[in-house]
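I have placed the structure first, in the form of structure tokens, so that the comments after it can refer back to it.
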Number of protein chains: 2
Amino acid sequence: MQFSKKDIDAMPSRYRAHFVNSLSGYKSANLVGTTDTQGRHNLAIVSSVVHLGAHPPLIAMIMRPDVVERHTLANIRETGWFTLNQVNHRFWQAAHQTSAKYDRCESEFNAVGLEPEFIGECPAPFVKESLAKYAVKLVREQVIEENGTILLVGAIEHGVVCDEALCSDGHIDLNAIETVAVTGLDGYHLGSRLGRLSYAQPNTWPTKLDE
Amino acid sequence: MQFSKKDIDAMPSRYRAHFVNSLSGYKSANLVGTTDTQGRHNLAIVSSVVHLGAHPPLIAMIMRPDVVERHTLANIRETGWFTLNQVNHRFWQAAHQTSAKYDRCESEFNAVGLEPEFIGECPAPFVKESLAKYAVKLVREQVIEENGTILLVGAIEHGVVCDEALCSDGHIDLNAIETVAVTGLDGYHLGSRLGRLSYAQPNTWPTKLDE
């Protein structure tokens, strides 16, 4: 199916949302844990976390200023902290459920049956069930003027990665901890490993790294 | 394994790159097709494309100003266009190979055995073998001051999606076209479908949408 810009603009709103959200490819699935200064916890699933750099260790996260994410955003602005918790196979439906419009006073942890835990100086709750998670300090936020979304730049602080997933060269095996990926607005997937490839050099075909 | 900020800073450079790149979760795998005004093509794999919005249809892409991506960036700045082509199972090693430091005059298409094609007014080449691909017009670029990476905001223009992947509600089934996902710096995966979940509402557990 070929499509033009006009075709996209003419799509019914929901159809367009499904379609365009699918175009970028597979997305990460993380739960953002936050708290306000009164200790009210919030948990929301996001598929917009992207790696920015390793040194310093930074991530970016795109947020929409709508109801669900407004709680998350407000909390991040209040405390300057949030946690990112990779979603895995054991709680992917509960993670999706956090996207429901819960009341500000209702903790999604309770509503979806996940357990908060606290690590180090970060006031925001981690998800106990997650096997790869870390605290993030807000560095900067800015509005993406083209559509009013908000780009958050965050510094990775401390965290936890399940030992069985950690490879000898630092790579984290997301298959080993059954981390989940997202497609479109509502598709969830495990990964099926093809392999790791050697550092690419001109004139030499890549080889699979030993697992 | 618990880790602190100090632990990350103390990691050997390559180890830290593998580790931190793995933290955000699964990433998209796309080939960016570009051309300069002399018609020299360039192809590069990126795992940093992220959905920004559906209306208007926008994506963001994070680029590092290093050798490989400098060709891509220079071309995008010259022509204002690029293509994004989802990587699939049939050419994932060739896609990885595009990350090798080829000379400016050497087309990665030739070097890795992929075929350029042209669709509509976009001067940049598409990848014929890709089953979900689209042209993007550069809207804006900005430097992420925290580490010098470059954020590109792009408007989705025209493209092609394989019919068999298009669901009746607009969702694109990336499993059907064997689109690939990336983990860390060098891990490649197919998706293994768990399911699509219904729009989340408070007090109702999500149900699987019919496939």
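Scanning segment A:62-93 for residues that are out of contact with any Ser or Thr (no Cβ under 9 Å at 6 or more places or on another chain) and either among the β-branched types (Val, Ile, Thr) or more than 27 Å from residue B:21 (Cβ to Cβ) (or both) yields A:66, A:67, A:70, A:77, A:93. In this entry, residue A:181 passes the filter for residues that are assigned to a strand (DSSP E or B) and not hydroxyl-bearing (Ser, Thr, Tyr). So, of the residues in segment B:111-147 that are of a type outside the set (Val, Ile, Thr), part of a strand (DSSP E or B) and surrounded by fewer than 21 Cβ atoms within 10 Å (Cβ to Cβ), which turns out to be farthest from the other protein chains (Cβ to nearest Cβ)? Within segment B:111-147, the match that is farthest from the other protein chains (Cβ to nearest Cβ) is B:116. Remark: pairs (first residue in segment A:98-112, within 16 Å of residue B:205 (Cβ to Cβ) and acidic (Asp, Glu); second residue assigned to a loop (DSSP other than H, G, I, E, B) and open to solvent by less than 10 Å² (accessible area, probe 1.4 Å); Cβ separation under 9 Å; 6+ apart in sequence or on different chains) = A:108/A:98; A:108/A:100.
The set of residues in segment A:148-178 being under 28 Å from residue A:193 (Cα atoms), among the small types (Gly, Ala, Ser) and not in a loop (DSSP other than H, G, I, E, B) consists of A:159, A:165. Total residues in segment A:149-172 satisfying the condition of being within 20 Å of residue B:182 (Cα to Cα) and more than 8 Å from chain B (Cβ to nearest Cβ): the figure is 3. If you check A:166, A:138, A:194 for being free of Cβ contacts under 8 Å to residues at least 12 places away in the same chain, farther than 20 Å from residue B:45 by Cβ and of a type in the set (A, V, I, L, M), only one passes: A:166. Within segment A:165-185, the set of residues being out of contact with any Gly (no Cβ under 7 Å at 6 or more places or on another chain), open to solvent by 10 Å² or more (accessible area, probe 1.4 Å) and more than 18 Å from residue B:86 (Cα to Cα) comprises A:166, A:167, A:168, A:169, A:173, A:176, A:178. If you filter segment A:186-204 down to residues that are over 25 Å from residue B:8 (Cα atoms) and more than 7 Å from chain B (Cβ to nearest Cβ), you find that the one that is least open to solvent (accessible area, probe 1.4 Å) is A:204. For segment B:169-186, the candidate set comprises residues that are without any contact (Cβ under 8 Å) to a residue 40 or more places away in the chain and not aliphatic (A, V, I, L, M); within that set, the residue that is nearest to residue A:170 (Cα to Cα) is B:175. How about segment A:114-130: which of its residues are of a type in the set (A, V, I, L, M, F, W, C) and touching a residue at least 24 places away in the same chain (Cβ under 8 Å)? Within segment A:114-130, A:114, A:119, A:122, A:124, A:126, A:127 meet the criteria. Would a scan of segment B:160-169 turn up a residue that is modelled with pLDDT under 95, touching an Asp or Glu at 6+ places or on another chain (Cβ under 8 Å) and hydrophobic (A, V, I, L, M, F, W, C)? For segment B:160-169, residues modelled with pLDDT under 95, touching an Asp or Glu at 6+ places or on another chain (Cβ under 8 Å) and hydrophobic (A, V, I, L, M, F, W, C): absent.
The values are calculated or read from the model by the stated rules, or taken from the named source; none is laboratory data. None of the values given here were measured: they were computed from a predicted structure. Using ideal geometry, Cβ is built from the backbone for each residue, glycine included, and neighbour counts are taken over all protein chains shown. Each accessible area value is taken on the protein alone, full model and side chains, heavy atoms only, with ligands, DNA and RNA left out. Shrake-Rupley method; radii C 1.70, N 1.55, O 1.52, S 1.80 Å.
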